[in-house]
Amino acid sequence: MNDRLIIKGIEFKSRLWVGTGKYKDFEETRKAVEASGTDVVTVAVRRVNITDRKSENLLDYIDPEKYKILPNTAGCYTVEDALRYARLARESGISDLIKLEVIGDEKTLFPDTWGLLKATEVLVKEGFIVLPYTNDDPIMAKRLEDAGAAAVMPLGAPIGSGLGLRNPYNIKIILETVKVPVIVDAGVGTASDATIAMELGCDAVLINTGIAGAKDPISMAEAMKHAVIAGRLAFKAGRIPKKLYATASSPLEGMLL
């Protein structure tokens, strides 16, 4: 209960963050969010109605008093677009928090890291709490930290791929390189993927498609909740060293022969 994630003085109870895209409707979104146990919900400012309170609104289903709303700039391919939607989210009274995305390629949806760094520098100067979605490059992660990013969010695999952590070694190096929290974002397909990320020492995992795209999103949301908790506990407990050969689990000394 005392193991809370804190970013720029903001305390987060859950280390599982969830997205709100790809569900069949807002009601399913609400049920999945509740089942996940999260207190952080990310929404795409370009794609989800959160600013017009006169029409059906995601915030009618996701209570901002209960959940921290994390706007993101998904779908932005230029620095200018990302800045525009980040500012729109803040002007709408949502949050100073922003999950910053600047996408560089329509097919792979890999980040444009040059644009991401530029946008981070601008938004940090404007007082945003910037959480940039980046690739699994330790050098870029360090540059984003130096630019003032409050956390870094490296991909585990391409967005929506469900491939899990394709390069856990780079994630581990990022954890050793930066001092800000590391939140794996993109590529988590099932509970074991989330557990692996947490066992590496990541501070949180953000999942959207892995839950929303499951045959039973509500059950998968609950599975992800337990996976993140288990992975965090295992990381803190410290795993045994890996060995090539067996070691007896019962002591041999003192046995009667």
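The values are calculated or read from the model by the stated rules, or taken from the named source; none is laboratory data. Just so we're clear, the structure is a prediction, and the values are computed from it rather than from any experiment. All Cβ positions, even for glycine, are placed from backbone atoms using ideal geometry, and neighbour counts span all protein chains on display. With ligands, DNA and RNA removed, areas are computed over all heavy atoms of the protein, side chains included. Shrake-Rupley method; radii C 1.70, N 1.55, O 1.52, S 1.80 Å.
Brief remarks follow.
- Residue under evaluation residue 215, criteria (1) open to solvent by 10 Å² or more (accessible area, probe 1.4 Å); (2) under 14 Å from the mean Cα position of the chain (by Cα), criterion not met: (2)
- Residue match in segment 170-186 (condition: in contact with a Ser or Thr (Cβ under 6 Å, 6 or more places away or on another chain) and not small (Gly, Ala, Ser)): no
- Segment 230-248, subset in contact (Cβ under 8 Å) with a residue 24 or more places away in the chain and not basic (Lys, Arg), residue nearest to residue 164 (Cα to Cα): 231
- Here residue 89 clears all of (1) surrounded by 21 or more Cβ atoms within 10 Å (Cβ to Cβ); (2) free of Cβ contacts under 8 Å to residues at least 24 places away in the same chain except the condition numbered (2).
- Residue within segment 234-242 that is within 22 Å of residue 7 (Cβ to Cβ), in a helix (DSSP H, G or I), open to solvent by less than 40 Å² (accessible area, probe 1.4 Å) and touching a Cys at 6+ places or on another chain (Cβ under 9 Å) present: no
- Among residues of segment 92-107, those that are more than 19 Å from the chain's Cα centre (by Cα) and of a type in the set (Lys, Arg), counted: 1
- Candidates in segment 14-72 are the residues that are small (Gly, Ala, Ser), out of contact with any Pro (no Cβ under 7 Å at 6 or more places or on another chain) and at pLDDT 90 or above; of these, the one that is most open to solvent (accessible area, probe 1.4 Å) is 37.
- When residues in segment 86-103 are screened for being touching a Ser or Thr at 6+ places or on another chain (Cβ under 8 Å) and under 14 Å from residue 132 (Cα atoms), 6 of them pass.
- The one condition in (1) among the aliphatic types (A, V, I, L, M); (2) modelled with pLDDT under 95; (3) open to solvent by less than 60 Å² (accessible area, probe 1.4 Å) that residue 246 fails to fulfil: (3)
- Cβ pairs under 7 Å, 6+ apart, first in segment 13-34 and farther than 13 Å from residue 209 by Cα, second modelled with pLDDT under 90 and surrounded by 24 or more Cβ atoms within 10 Å (Cβ to Cβ): none
- Condition check for residue 159: of a type in the set (A, V, I, L, M, F, W, C) and at pLDDT 95 or above: no
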